[in-house]
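In what follows, a structure is listed as structure tokens, so that the remarks can point back to it.
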Amino acid sequence: MARTSKITTFERVIAVALASLLATLPAAAQTRSCAGRAEVIAWLEERFGERPIGVGVVGDHTIVELHASETGTWTILATSLTGQSCMVSSGHSWTPIETPHEGTTASRTDGGG
């Protein structure tokens with residue numbers, strides 16, 4: 001079934017969290033981890049085997065991408081309209097979760113409803 005253009009509450013929370021994170025990063029940290037998008041993506045692929053698995057838009061000027069590898073490493077990139085990409089965050093132990101199909105609810109394993 002095709003995905004609709006509805007934005008879920010979860011997606012909104014993630015977008016706000018990422019926007020807040022981007023706004024609070026020190027300028028020096030942004031400068032050290034930024035380069036042209038093609039260069040950053042090639043480096044992530046060669047060094048960690050990471051490939052894009054998700055993308056979103058923050059405001060009118062920033063594209064956010066999530067890259068992950070089969071070994072569990074992950075990186076969040078923020079790319080400006082000029083093509084400059086900055087690594088916002090990275091880590092390990094990325095585990096994809098199965099999302100419920102449209103019209104169903106997710107089952108919880110913690111006993112909650």
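FYI, it's all coordinate maths here, none of it is from the lab. Remember, it's a predicted structure, so these values are computed and weren't measured experimentally. Cβ coordinates were reconstructed from backbone atoms using ideal geometry, including for glycine residues, and neighbour counts include every protein chain displayed.
Observations
- In the stretch 44-75, residue farthest from CYS34 (Cα to Cα) [restricted to those that are surrounded by fewer than 19 Cβ atoms within 10 Å (Cβ to Cβ) and of a type in the set (Val, Ile, Thr)]: THR71
- From TRP74, TRP94, residue being over 19 Å from VAL40 (Cα atoms), without any contact (Cβ under 8 Å) to a residue 60 or more places away in the chain and aromatic (Phe, Trp, Tyr): TRP94
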